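Single-structure report; data block below.
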Amino acid sequence: MNAFGLAPLLLILPIIGVLFNGIVGRYFLDADRSTGEKWSGWFGTAMAVGTFIVSVLIFFSLGANDHHAEIVHLFNWFNIPSGNFTIPWAMQLDTLSSVMTLVVTGVGSLIHIYAIGYMHGDRDFHRFFTYLNLFLFFMLILVTGSSYLMLFVGWEGVGLCSFLLIGFWFDKPKGEGILNGDAARKAFVANRVGDFAMILGMILTFWAFGSMEYEVVFESALDLYTTTETVFIAGIEFTIPQVLTGITVLFLIGATGKSAQIPLFMWLPDAMAGPTPVSALIHAATMVTSGIYLIVRSNVLFEIVRDSGHQLFGIVSAPDLVAIAGAVTAVYAGLVAFTQFDIKKVLAYSTVSQLGFMIAAVGMGAYVAGMFHLVTHAFFKALLFMASGSVIHGMEHGHHHLHEHSHGDDHEEDDFDPQDMRFMGGLREKMPVTFWVYIIGSLALAGIFPFAGFWSKDEILAHSAYGLGVGEATPVFTFVRWMLTIGAFCTAFYMTRQIKMTFFGEGRHEAVKHVPESSPLMTRPLAFLAFLSLMGGALNIPYLTGGGGEEASTPVGMTASVLAAEEDKGLNLAFEHWLEHSIQAFTLEEDFENVVGPNGEHFFTHVPHTPTSLQYDIAISSTLIAVAAILIGWYVVFRVWPRSKEDPDPISQWPVVGFVWTFFQGLPLDTLYMTGIVKNIFNPLARFSDVVDWNFWHNFVHNNLIRDSFVALADFLATVLDPKGVDGIVNGVGQTARNLAEALRRPQTGNTGNYALSLFLGVALLVAFFVFAS
Amino acid sequence: MTNSIVLTLLMSLPLVGVVVILFLPVFNNQTDFNIKFVANATAIITLLFSIAILPLYDMGVPTLQLEDTGSWIDALGVTYHVGVDGLSILMILLTTFISAVAIGSSWNGIDKQVKQYYIFMLLLETGMLGVFLAQDLFLFYIFWEFTLVPMYFLIGIWGGKERVYASIKFFLYTMAGSLLMLIAILYVGIQAGTFNLPELIANRELYAGAQQWLFWGFAIAFAIKVPVFPFHSWLPDAHTQAPTAGSIVLAGVLLKMGTYGFMRFNLPMFPEASTNAAPIMATLAIIGIIYGAIVSFAQTDVKKLVAYSSISHLGFVMLGIFSLNEIGIQGAILQGVNHGLSTGALFFLVGVIYEQRHTREISEFGGLWRAMPVFAVTSLIVTLSSMGLPGLNGFVGEFSILLASTGSDALGDSPWIYTAFATSGVILAAIYLLKMYQGVFMGPLDNPKNQALRDMNRGELAIMLSFLLFIVWIGIAPSIWFASMDATVADLIQNVVMMAGG
């Protein structure tokens, strides 16, 4: 008895929720506000919880099934028999998709509950839950699809939901609604740039391996690689590493769109225009991790490229490029994060930075570490966003309270922004629960022992140092290691700044005095996530024996069977043991140990392995760095936060650092895109094309060249060659031409019917001529 | 060969409606309602009839089915020959569906010369069915020209401010192309001694020597109709000036007559020339995709924006055709249907709003979601379908075409370059369509004229739901749609490749 047959419910339940809220939600709300909210909110939540229950059942079924993957075939989607092109709707249930479904539905359920409280009173309450359910639907397609094309359905679908939810408050006054719409559009278009690459990558995959289904593609790729065969695409011969370099780089571009990495990250901070539960669910915990999921899912393809040593344009290999993109993003976004004043934007840049950590991890082959960080990050970042939502909610209430009791003289209140940390301060006493969970989330994010983030971040750093074995680190690994260390410093630093600004000191706005703690509907999910942020590291605790670089050499290169033998040692590395059944790269070295290619080459001698024991040198140094960042932030830079909201950020007053701060506050890459590409290239191009089309093609070529010369010709025929008319038919044709000429000369005057009639007669004559000519 | 009368019957059904409408005033004074009722009933009966004959169509047979033949002008080798196969079966259904929708959508919008209007609409339906059913070049040409006349009047009488200019331009442009085709048709017919298409294809060596010229004779006529860049200049005028139903039919069916013509005539009759021309046609196709999209972005009039987007979308169809492989042609046919559905629906939606506001400027709108939520949601789904969101119909066609172009043997050494350029249309589609959607539906509802807008009524909703049914069906379960043409397309490609290769 297993639960795999229930898998379609993962898609059916959210769709029921969408239909319910989309069709009847409005009537419930209009009939009775509070009952309507209950129905909308709890119905949507029930569907989310339902998918979570199904995910848990599938999780246990997988365990009972020896972790073997199960593919549930639904029905055919594409099917062109003569072109050998078939793609089914099928769900791949394996340990990797199981992790993703648990995160998506688990965190998703909590956020649904939280949103009932957060969205209370919103006029479009039902619409919000419609979108949330729709998001779950597409996200679950994304992570359970058995082919790249199905992944792509979810991929674009969550992009759509993201668009809808960012633009949720599309009609806010004071131009804010328009800005929300712009942010939504920006997100969709930036994602489409990534999708462009995804489409090309999938097409290449199909022509290289004849399928887009994971199992077929991976098996075929391994086969062809180890037999050093080549493939023909449209008659041109390619080696497998060449093709896979193309495919993996295209997938990387796709991933940079969805997971907000350089060069396509700039949509995510703007996406904070959406309601906060959305920022927590979509723009922190789930959707933006799709890119990491894609790369982990494609691990075989990336490892083949790594093993072959094939380099893109002879410069850098595809997996290294992934690692570099992630590492650079981690630092860039980390630097921008401490220049922001909007409480959610700090977290948004932090998310970009943390996604950079994950991308860097999977780029180095640390698939488990990347997924581990994905899971813990989902816990603590969802927590931080929801807690920031609680703060914003409180600030709005405080401000509202102020208005109600100020008897209308709200003169200097117009610039109030509930998300601007410069208005906050001293919220610690007003919102104790929110404050404490915020602290827990921040410590987890900063990677302080023993919070969840410590374990996952440490695993990534350990991999960058020892993943290839002691003393074997390539320049790229070393680069990543130092970039991520800087990133980790930034993380602890900007969180210190944020907490000091928000919760400590004196309130910098009257509204702070009237801030209430949020309702239990909001704080209970927070408490639960705080617990997970504290304990999440237990998922994958490494072996605590061993230490330093020297002993790390033992587990490096440790294969799955060795690990399996150690499995009974307890809960250590439970997550790794769980995932190793879906990540084929894990066993590549072992599987191909004795396979020798035609030229005597051995395959998969370079598959990196994350050390299985805790690397104390890394753990201690990274913790020290984070602690140092907190201490420097707390006692030196932000020792005294300004008492007024007009005062500048203390850090901007420091020499050198202040310059860097100002530079990054200007969002250099955003500026480059928006003014460089959109304003200076695309918009003028569109205007220019329009002018060309209308003035050149439409007016000049058609009206002047073709029409006028035709009119001249017709006039010539009618007046010079045929002045009196030779016989009936010719006369008729000439008359038609003359009418035509008249019609063309004065298009806006005259009797339409006459011209039309003459044209019709002309055609009739032509037809009659041929018919009766026989 | 057994003759079947069903296709002739199908073509005649709208004419029956025409005759009834002609005699209507005799019976009743409330002529307007009766005319509308008869026209709608005729269109719906024709639609139902076209569905009812589907069981007679065998998807496994690649050749013509349900043929009806008769002698006509023996001296010239002209015959009456109609039939249907995988290339045309979906076009027939699209025609009857779009005609019914277009006639249904005219209920409130047409207030002058109602009788003539519906007569022209029904005549147009017969003409379009004839174009897709005719299997004799001469018969085809007559139907091809015949469709011009009702469309000319529809634009010229019931159109917008510049309707006369637009209608004449539409007429002359198409006529100019048709004359070239007529010359090619006469040459082929006289050389082969017959105008019957199956015989012409079987005896193509009789005119193969001139096929490089003949190909272009046909191709230019079809390219104008599609329209392929740079022959597109008539389209924005015709679309913006045509009444709503005219635009729906124009985008939904008339443009497909061009793409259909390439597949029905150019490929099987001139396979070598088609193969040679493939890189040129594909290049024009991707220019159309990108150019149409960029110009579309610059438009401020919703209808003009959608009109230019047609140039972009039809570029995909052309790329599919000239990929000259099974996936490409099937994708092209299906994308033709998809474009008919999504662009037809978009024009219908524009009509709904135009009826109330008498403007189509994006800047006049904003925040309509607040005033018309049902309208906004259906518009969103149609916009996404047009944008190629996976799970809706547009993606199925577009992706098949993009996939096919990379695997094409006809597009030279690096066919993926065509794919890469064409795929950029996917980004551009999001840019211009979201600009439109945001401009109309998002932002504050601050224009007082928009605050009193009514949402869609039941009739409009029924029409939209029928569009959405197909938009979703093709999007998630296109297998049966592909199956309807698979055998014919496989046969066609085999012939083209065999003849062009050997």
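Taking the range A:677-698 as the range and being more than 9 Å from every other protein chain (Cβ to nearest Cβ) and either over 20 Å from residue B:169 (Cα atoms) or modelled with pLDDT under 80 (or both) as the test, the residues that pass are A:677, A:678, A:679, A:680, A:681, A:684.
Scanning the range B:417-435 for residues that are within 7 Å of chain A (Cβ to nearest Cβ), closer than 30 Å to residue B:497 by Cβ and of a type outside the set (S, T, N, Q) turns up B:420, B:426.
Determine, yes or no, whether residue A:180 is over 17 Å from the mean Cα position of the chain (by Cα) and away from chain B (no Cβ under 13 Å). No. Residue A:444 meets each of the listed conditions (1) over 24 Å from residue A:344 (Cβ atoms); (2) buried (at least 20 other Cβ atoms within 10 Å of the Cβ) apart from (1). Given the structure, is residue A:262 under 30 Å from residue A:147 (Cβ atoms), of a type outside the set (Lys, Arg) and within 19 Å of the chain's Cα centre (by Cα)? Spelling it out, residue A:262 is indeed under 30 Å from residue A:147 (Cβ atoms), of a type outside the set (Lys, Arg) and within 19 Å of the chain's Cα centre (by Cα).
Only a single criterion out of (1) at pLDDT 95 or above; (2) of a type outside the set (Val, Ile, Thr); (3) not in a helix (DSSP H, G or I) is not satisfied by residue B:366, namely (1). Residues that are touching a residue at least 12 places away in the same chain (Cβ under 8 Å), assigned to a loop (DSSP other than H, G, I, E, B) and within 8 Å of chain A (Cβ to nearest Cβ) within the range B:390-416 comprise B:391, B:407, B:408, B:409, B:411, listed in sequence order. Restricting attention to the range A:249-275, the residues that are aromatic (Phe, Trp, Tyr), in contact (Cβ under 8 Å) with a residue 60 or more places away in the chain and not in a loop (DSSP other than H, G, I, E, B) total 1. Every condition in (1) out of contact with any Ser or Thr (no Cβ under 6 Å at 6 or more places or on another chain); (2) hydrophobic (A, V, I, L, M, F, W, C); (3) at the interface with chain A (Cβ under 10 Å from one of its Cβ atoms) is met by residue B:206 except one, and the failing one is (3). Would the range A:34-41 turn up any residue that is closer than 19 Å to residue A:106 by Cα and of a type in the set (Phe, Trp, Tyr)? No; the residues of the range A:34-41 include none that is closer than 19 Å to residue A:106 by Cα and of a type in the set (Phe, Trp, Tyr).
Would it be correct to say that residue A:167 is at the interface with chain B (Cβ under 10 Å from one of its Cβ atoms), more than 15 Å from residue A:257 (Cα to Cα) and under 17 Å from the mean Cα position of the chain (by Cα)? It is true that residue A:167 is at the interface with chain B (Cβ under 10 Å from one of its Cβ atoms), more than 15 Å from residue A:257 (Cα to Cα) and under 17 Å from the mean Cα position of the chain (by Cα). Of all the numbered requirements in (1) closer than 25 Å to residue B:340 by Cβ; (2) in contact with a strand residue (DSSP E or B) (Cβ under 8 Å, 6 or more places away or on another chain); (3) away from chain A (no Cβ under 14 Å), residue B:196 misses one, and that requirement is (1). For the range A:402-413, indicate whether the set of residues that are crowded, with 24+ Cβ neighbours inside 10 Å and either in contact with a strand residue (DSSP E or B) (Cβ under 6 Å, 6 or more places away or on another chain) or of a type in the set (A, V, I, L, M, F, W, C) (or both) is non-empty. No, the range A:402-413 contains no residue that is crowded, with 24+ Cβ neighbours inside 10 Å and either in contact with a strand residue (DSSP E or B) (Cβ under 6 Å, 6 or more places away or on another chain) or of a type in the set (A, V, I, L, M, F, W, C) (or both). Candidates in the range A:191-225 are the residues that are more than 21 Å from the chain's Cα centre (by Cα), more than 8 Å from chain B (Cβ to nearest Cβ) and among the aliphatic types (A, V, I, L, M); of these, the one that is farthest from residue A:68 (Cα to Cα) is A:208. When residues in the range B:86-114 are screened for being of a type in the set (D, E, K, R) and at pLDDT 95 or above, 0 of them pass.
Picking from A:228, A:276, which residue would you name as being more than 14 Å from every other protein chain (Cβ to nearest Cβ) and surrounded by fewer than 24 Cβ atoms within 10 Å (Cβ to Cβ)? Sole residue among the options that is more than 14 Å from every other protein chain (Cβ to nearest Cβ) and surrounded by fewer than 24 Cβ atoms within 10 Å (Cβ to Cβ): A:228.
Listed here are the residues, each with its yes/no results for (1) away from every other protein chain (no Cβ under 14 Å); (2) within 28 Å of residue B:472 (Cα to Cα); (3) in contact (Cβ under 8 Å) with a residue 60 or more places away in the chain.
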| residue | (1), (2), (3) |
| --- | --- |
| A:9 | yes, yes, no |
| A:28 | yes, yes, yes |
| A:32 | yes, no, no |
| A:46 | yes, yes, no |
| A:99 | yes, no, yes |
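From A:120, A:112, grab the single residue that is more than 13 Å from every other protein chain (Cβ to nearest Cβ) and surrounded by fewer than 23 Cβ atoms within 10 Å (Cβ to Cβ). When all the criteria are applied, what remains is A:120. Run down B:468, B:402, B:433 and say which single residue is within 25 Å of residue B:95 (Cβ to Cβ), aliphatic (A, V, I, L, M) and within 21 Å of the chain's Cα centre (by Cα). On inspection, the qualifying residue turns out to be B:468. Residue count for the range A:622-639, restricted to those that are touching a residue at least 12 places away in the same chain (Cβ under 8 Å) and either outside any loop (DSSP other than H, G, I, E, B) or farther than 24 Å from residue A:487 by Cβ (or both): 12.
Test residue B:485 against the criterion of being away from chain A (no Cβ under 14 Å), part of a helix (DSSP H, G or I) and closer than 14 Å to residue B:325 by Cα, and give yes or no. Considered against the rule, which asks whether it is away from chain A (no Cβ under 14 Å), part of a helix (DSSP H, G or I) and closer than 14 Å to residue B:325 by Cα, residue B:485 comes out as no.
The residue list A:357, A:435 contains one member that is aromatic (Phe, Trp, Tyr), part of a helix (DSSP H, G or I) and within 18 Å of the chain's Cα centre (by Cα), which is A:357.
Just one of the listed residues (B:419, B:423, B:406) is touching a Pro at 6+ places or on another chain (Cβ under 8 Å) and not acidic (Asp, Glu), namely B:406. Go through (1) more than 9 Å from chain A (Cβ to nearest Cβ); (2) over 20 Å from residue B:333 (Cα atoms); (3) part of a helix (DSSP H, G or I) one by one and return the number of the condition residue B:438 breaks. Status for residue B:438: all satisfied but (1). Considering every residue within the range A:127-142, establish whether at least one is outside any helix (DSSP H, G or I), charged (D, E, K, R) and either in contact with a strand residue (DSSP E or B) (Cβ under 6 Å, 6 or more places away or on another chain) or surrounded by fewer than 24 Cβ atoms within 10 Å (Cβ to Cβ) (or both). Checking the range A:127-142: not a single residue is outside any helix (DSSP H, G or I), charged (D, E, K, R) and either in contact with a strand residue (DSSP E or B) (Cβ under 6 Å, 6 or more places away or on another chain) or surrounded by fewer than 24 Cβ atoms within 10 Å (Cβ to Cβ) (or both).
Elements of the type helices (runs of 4 or more DSSP H) sitting completely within the range B:206-315 and holding at least 3 residues that are under 24 Å from residue B:156 (Cβ atoms) and within 17 Å of the chain's Cα centre (by Cα): these cover B:211-225, B:234-241, B:244-249, B:255-261.
One residue stands out among those in the range B:258-280 that are among the hydrophobic types (A, V, I, L, M, F, W, C) and surrounded by fewer than 21 Cβ atoms within 10 Å (Cβ to Cβ): the one that is farthest from residue B:315 (Cα to Cα), which is B:277.
Assessment of the range A:469-489 against the conditions (under 21 Å from residue A:641 (Cα atoms) and in contact (Cβ under 8 Å) with a residue 12 or more places away in the chain) yields at least one matching residue.
The values are calculated or read from the model by the stated rules, or taken from the named source; none is laboratory data. Quick caveat: nothing in here was measured; it's all calculated off a predicted structure. Note that each Cβ is placed from the backbone with ideal geometry, even for glycine, and that neighbours are counted across all protein chains shown.
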